[in-house]
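Let me begin by presenting the structure, written as structure tokens, before commenting on it.
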Amino acid sequence: MSRAAVAGDRSTHSTPTRRFHVSCNQQKLDRRNMLLGLGGGLYGAANLAVSNPPATAAPIGVPEFTACGEAHDVQSNDLLPVNCCPPVSGTPYVDYKLPPARKTKVRPAAHKVSREYLAKYEEAMRRMRELDRTDPTDPRGFMQQANIHCAYCNGAHDQPGYPNLDIQIHNSWLFFPFHRWYLYFYERILGSLIDDPDFAIPFWNWDNPKGMQMPAIFDRDKSPIYNVNRNPDHRGRSIIDLGFSRATDEIQLVVNNLSVVHNEMIRSVNSTLDFMGAAYRAGDPPGNGGSAGSSERGSHVSAHVWVGNPANKYREDMGNFYSAGRDPLFYCHHANVDRLWKIWTGLKTDVPKSISDPDFLNAGFLFYNEKKELVRVKVADCLNMEKLGYDYERVDTPWLNYRPSKKAAAADIKKLAANAEAAEKIFPLTLNKIVRVLVPKSAKGKADEVLVLEDIETDSTKFIKFDIFINDEDDIPSELDRAEYAGTFAQVPHRTKEKKGKTSINLKLTDVYEDIEVGDDDTIVVTIIPRSNGDAVTIGGIKVIPSPPRSA
């Protein structure tokens, strides 16, 4: 397939010129002058956790479609031969009001769907794809739906009032609510095309061993939900590698996957934002100082890259944000991500599950609904799935209790330290090899602590992944179902104005300490294992601190 065929035709819409320079001082002045209600009035949140946002803060507002700009590739920052911009509506947007739910739609697990369901799903997809041919500007068409992700993720939209700053809905607390709204309208459009308001999209149940293969319904060549731009080595019965451990044993892959999901849902999560992603407010550079939540930077990224075709220059389709929405499996994948968010909010852990910050609740997005109306939605209105009118089929969650087995004895820290370097001597470092570093604890023994990797600078144009282990004597990188496994960092290639961005991650160590028997040690040995493009990663520092407050 040609690059033009992969990327699409940029002739559909004209692209207004809109990039101009704003000085740092002017941006700061603008931010001070922004009103708290940017993008709309405040929403109430009476029963949510308390937080205190900065006085100058404001929520991310909705983009101006007429000022939509150009998307750029993830390797060279060159202009992509694709127009991600949505069609410009002849009428202004209106605030969306959730319609009364007729009944609760149930999204089914893709590996369990019936023939009758599949026929209905494929017919809806045929009609959505047909719109690409009959009216390429129809916002309900498949390519127009795919372009939503491209525009919000590859620099086409600027923040209102900040024409030199992109809107980026990844790597922050906007990740889950944006994609929930995205799927909500995508699903309603499909249902309207087959005159079935109760239609529900499927989810790829990759957190369950029975669903850890690419769903078979997506692997039929003549089907409208098939996509040629997938890794051919991962078709058929290949088991997904959520940890990118490159384990070859199928059983090991399954247990690795269960360990990864348990870790990112429970074991490594110390606070609300550890799971949800960092705060992201008006005037904040995308990805600069923020961070993705544990699920976003873990299994979410791995599934994207595992499906994308490495033979394509930019690992299209799923392996890159600009093209991910062109694979119908993308929506099935993100339905599972959304399902895991719903499950996480119900977990009985000591981490609060809600955010009351008005800059979170009032952040807004624009979508076209099934009637081709341009509507504005707010984060606050998508937090209750019951009001949105859908739920997920109940399936087993074996990862829930998949905590690693405890080690029988504590590691010999003196022996491990002999092959490690002192943190103050090697940071900042480029992660072009496995690194073992001796890090002082904040207190001896089984303290309630957090490992912080700070000022992680990455090339945003590349797939990045590395894993972290604590007091690892066995040194078996392909096995993640071990007590020493503490967590991961990963990113899908994407484009921002600045090719490099800085972020930090926090990993809860409390459960790790219990499982590895740290005894009275006052130091730990942290092993950092690069999995992909370690030479494009610089880590500024590392430290262990007492556990911060667990609220958002």
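Can you pull out the residues in the range 132-151 that are touching a residue at least 24 places away in the same chain (Cβ under 8 Å) and more than 29 Å from the chain's Cα centre (by Cα)?
none
So, in the range 466-483, exactly how many residues are among the polar types (S, T, N, Q) and buried (at least 21 other Cβ atoms within 10 Å of the Cβ)?
Total satisfying the criteria: 1.
Here is a list of conditions, (1) crowded, with 20+ Cβ neighbours inside 10 Å; (2) within 30 Å of ASN384 (Cβ to Cβ); (3) of a type in the set (D, E, K, R), and ASP158 meets all of them except one; can you say which number that is?
Going through (1) crowded, with 20+ Cβ neighbours inside 10 Å; (2) within 30 Å of ASN384 (Cβ to Cβ); (3) of a type in the set (D, E, K, R) one by one, ASP158 breaks only (2).
Do we have any residue at all in the range 148-155 that's of a type in the set (S, T, N, Q), open to solvent by 40 Å² or more (accessible area, probe 1.4 Å) and assigned to a loop (DSSP other than H, G, I, E, B)?
No, there is no match, as no residue in the range 148-155 is of a type in the set (S, T, N, Q), open to solvent by 40 Å² or more (accessible area, probe 1.4 Å) and assigned to a loop (DSSP other than H, G, I, E, B).
Determine whether ILE426 is over 19 Å from ILE539 (Cβ atoms), out of contact with any Leu (no Cβ under 6 Å at 6 or more places or on another chain) and free of Cβ contacts under 8 Å to residues at least 40 places away in the same chain.
No; evaluated as a whole, the condition is false for this residue.
Within the range 290-311, does at least one residue satisfy the condition of being surrounded by fewer than 18 Cβ atoms within 10 Å (Cβ to Cβ) and either farther than 28 Å from ILE464 by Cα or of a type in the set (S, T, N, Q) (or both)?
No.
To keep it simple, each residue is scored yes or no on (1) of a type in the set (A, V, I, L, M, F, W, C); (2) buried (at least 23 other Cβ atoms within 10 Å of the Cβ); (3) at pLDDT 95 or above; (4) touching a helix residue (DSSP H, G or I) at 6+ places or on another chain (Cβ under 7 Å).
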| position | (1), (2), (3), (4) |
| --- | --- |
| LEU193 | yes, no, yes, yes |
| TRP204 | yes, yes, yes, yes |
| PRO209 | no, no, yes, yes |
| MET214 | yes, yes, yes, yes |
| VAL228 | yes, no, yes, no |
| ALA247 | yes, no, no, yes |
| SER259 | no, yes, yes, no |
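Taking the options ARG129, ARG188, name whichever one is at pLDDT 95 or above, open to solvent by 10 Å² or more (accessible area, probe 1.4 Å) and either closer than 21 Å to MET318 by Cβ or β-branched (Val, Ile, Thr) (or both).
ARG129
Quickly run through the range 466-484 and pick out the residues that are in a loop (DSSP other than H, G, I, E, B) and in contact (Cβ under 8 Å) with a residue 12 or more places away in the chain.
Those that are in a loop (DSSP other than H, G, I, E, B) and in contact (Cβ under 8 Å) with a residue 12 or more places away in the chain: ASN471, ASP472, GLU473, ASP475, PRO477, SER478, GLU479, LEU480, ASP481, ARG482, ALA483, GLU484.
When SER268 is evaluated against the numbered criteria (1) of a type outside the set (Val, Ile, Thr); (2) under 19 Å from GLN168 (Cβ atoms); (3) open to solvent by less than 10 Å² (accessible area, probe 1.4 Å); (4) at pLDDT 95 or above, which criterion, by number, is the only one it fails?
It is condition (2) that SER268 fails.
Please note which helices (runs of 4 or more DSSP H) are completely contained in the range 234-325 and include at least 2 residues that are without any contact (Cβ under 8 Å) to a residue 40 or more places away in the chain and more than 21 Å from GLY155 (Cβ to Cβ).
250-262
Just to confirm my filter: which strands (runs of 3 or more DSSP E) fall fully inside the range 367-465 and include at least 3 residues that are acidic (Asp, Glu) and either farther than 20 Å from ASP475 by Cβ or open to solvent by less than 20 Å² (accessible area, probe 1.4 Å) (or both)?
Here the list reads 449-459.
So in the range 533-552, with the set limited to residues that are in contact with a helix residue (DSSP H, G or I) (Cβ under 9 Å, 6 or more places away or on another chain) and modelled with pLDDT of 90 or more, which one is surrounded by the most Cβ atoms within 10 Å (Cβ to Cβ)?
Checking each candidate, the answer is ILE542.
The values are calculated or read from the model by the stated rules, or taken from the named source; none is laboratory data. All of these numbers come straight from a predicted model, not from anything done at the bench. Note: ideal-geometry Cβ built from the backbone for every residue, glycine included; neighbour counts use all protein chains shown. Side chains are part of the model used for accessible areas, which takes the heavy atoms of the whole protein and leaves out ligands, DNA and RNA. Shrake-Rupley method; radii C 1.70, N 1.55, O 1.52, S 1.80 Å.
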